[in-house]
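The values are calculated or read from the model by the stated rules, or taken from the named source; none is laboratory data. For clarity, every value in this text was computed on a predicted model and none was experimentally measured. For neighbour counting, all protein chains shown are included, and Cβ atoms are generated from backbone atoms with ideal geometry for every residue, glycine included. Heads up: the accessible areas ignore ligands, DNA and RNA and are worked out on the full protein's heavy atoms, side chains in. Shrake-Rupley method; radii C 1.70, N 1.55, O 1.52, S 1.80 Å.
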Amino acid sequence: MARDISEITLAFDSVEKGDFDESDIQVLEPEELEGVRDDSPHLVFLIPGIRTNGWWAQEARMQELLWDGREIHFVPVRGNGGNTDRLSSWHLLSRVGLSGFRNNFTSQISILSSQREYASVNVFAHSMGSALFSDIVDSLASTLPKGKFDTVVFLGSVCHRRHAQRLHGCTELFVNDVGIKDYWPFWASTARPDSYSDVGFTGFLNGFVQDRFFTHNHSSCTSIEHLKDELVPLLSRSDVQPLGAPLTERPSYNTYIYLRRGIWALAAFLAAWLLTSALL
């Protein structure tokens, strides 16, 4: 970790006052001097989900945080450049009109990450924002200096499990934060199982992702407290950062699995009944 610049300033203050001795002089090793000169910040893109203006991302942008002796630049990524400029429930269910969002996300991330040198390039994505990011992660990672993102964290995610291996290959560290009180990923995966999974509710539960379990709902996982305490420490792996252990008590997900199957069976029955009625 870079030495605090205030230590060096203190030594110079002592010189000007004439009240120092040899013990006041600190000799820095070459690698320490290099650390002081290196002020490249961490860049963190924040991608909100549906039916929101992403105020949590705007609030994070106003935070003045340091990690590993470096500033953290939070950058919200949202919109399609259109009139409403935000994801809706219609986008979630229909999957219509998403190309504009993908293109706009790609432009924001690729352009802003190339404007200066950063110590790391990271993404924290919430809800459907994580699903859209998974669609474009390959092309974005290929443009980065390392050829991959440093840290990617999903929050309340509806990303499909089939994307886990691709995401793993495009990141140095891929973490999925699960909220055991967050039911929206379950409903999204029930409505569109071809496009979404309930990974924000039950986890990816495979070797490509490091799942962490919290008592969050769909909004509390984006709180500033969670961002500062649980996400920021993942930005640097110069020291091993604890990922935390699963909660000792978690609900049984079998009930939700059976509920989903029941909903699908009922939907299939109604569709067959309506088709039969139309043909008679």
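Here are a few things to note about the model shown:
- Scanning the range 90-119 for residues that are of a type in the set (Gly, Ala, Ser), outside any helix (DSSP H, G or I) and farther than 13 Å from Leu132 by Cα yields Ser114, Ala119.
- Residue in the range 30-53 that is within 22 Å of Asp150 (Cα to Cα) and polar (S, T, N, Q) present: yes
- Residue in the range 136-144 that is more than 25 Å from Asp194 (Cβ to Cβ), in contact (Cβ under 8 Å) with a residue 40 or more places away in the chain and small (Gly, Ala, Ser) present: no
- Positions within the range 139-180 being open to solvent by 60 Å² or more (accessible area, probe 1.4 Å), under 22 Å from Ser40 (Cα atoms) and not in a loop (DSSP other than H, G, I, E, B), in sequence order: Glu172
- Counting residues in the range 254-269 that are modelled with pLDDT of 80 or more, among the polar types (S, T, N, Q) and exposed (fewer than 13 other Cβ atoms within 10 Å of the Cβ) gives one or more.
- Checking each residue in the range 189-204 for being in contact with a helix residue (DSSP H, G or I) (Cβ under 7 Å, 6 or more places away or on another chain), within 10 Å of Gly156 (Cα to Cα) and either among the small types (Gly, Ala, Ser) or open to solvent by less than 10 Å² (accessible area, probe 1.4 Å) (or both) picks out Val199, Gly200, Phe201.
- Members of the range 60-82 that are open to solvent by 50 Å² or more (accessible area, probe 1.4 Å) and modelled with pLDDT of 95 or more: His73
- Meets criteria (surrounded by fewer than 17 Cβ atoms within 10 Å (Cβ to Cβ) and under 20 Å from Leu167 (Cα atoms)) for Ser110: yes
- Test: residue in the range 133-145 that is within 14 Å of Gly200 (Cβ to Cβ) and of a type outside the set (Gly, Ala, Ser): yes
- Complete set of residues in the range 44-59 that are of a type in the set (S, T, N, Q) and either modelled with pLDDT of 90 or more or surrounded by fewer than 14 Cβ atoms within 10 Å (Cβ to Cβ) (or both): Asn53, Gln58
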